[in-house]
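Written out below as structure tokens is the structure these notes cover.
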Amino acid sequence: MRSSEISAADFGLRPQALPSFVAIFLVVTLAGILIDQNGYALLAGLPGYAQLGGMPPIADPVWDWLDLTFGLLMVGVFEELVFRGYLCTFLQRYTRSSLAIVLISAAAFGLIHWGLGLHAVLVTAIIGALFMVAYLRTRSLPAIMLAHFAINFVDFSGVIPKSIFKFL
């Protein structure tokens, strides 16, 4: 793609009214955390495969905190730019079906988490579908990027006990 053919707005970098931003952030964050924290329990009976890799622990608390804040923020920003912003724009060249766009982007998002095991692929695909539905409704990514960060932060930081969000 040439830069003259695609704009920042095509990647979902559009302003959003504050009430809409807050509502999307809260709904997507809470739904995503509930899916993330309960999805593995729902899928526990499915066959799968062991996690193929993992992140080594970061011993230095300063670097650990930087990774949990700035690192996870960058994950949220760039994964949303690729799997919602770019992929939606690309797929709309070939289909106008929102369902097809949601399913393809969810599958792609799930598959980049392949190394974490089949259960992670399925859970992240469901969360990816949630993100794409929110994006198709708003056409704006910043609230979704922040929600993505918040979901990851709750999952990885341990700041909020995971038991608060578990219902299964």
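The values are calculated or read from the model by the stated rules, or taken from the named source; none is laboratory data. Since the model is a prediction, treat every value here as computed from it, not as a measurement. So basically every Cβ, Gly included, is an ideal-geometry build from the backbone, and we count neighbours across all protein chains shown.
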The lone condition Val22 fails out of (1) modelled with pLDDT under 95; (2) out of contact with any Gly (no Cβ under 8 Å at 6 or more places or on another chain); (3) in a helix (DSSP H, G or I) is (1)
Right, Ile164: β-branched (Val, Ile, Thr), assigned to a helix (DSSP H, G or I), surrounded by fewer than 17 Cβ atoms within 10 Å (Cβ to Cβ) and at pLDDT below 95 or not?
yes
Residue pairs meeting the criteria (Cβ under 7 Å; at least 6 apart or on separate chains; first among the polar types (S, T, N, Q), in the stretch 25-47; second part of a helix (DSSP H, G or I))
Thr29/Ala147; Thr29/Ala150; Thr29/Ile151; Gln37/Lys162; Gln37/Phe165
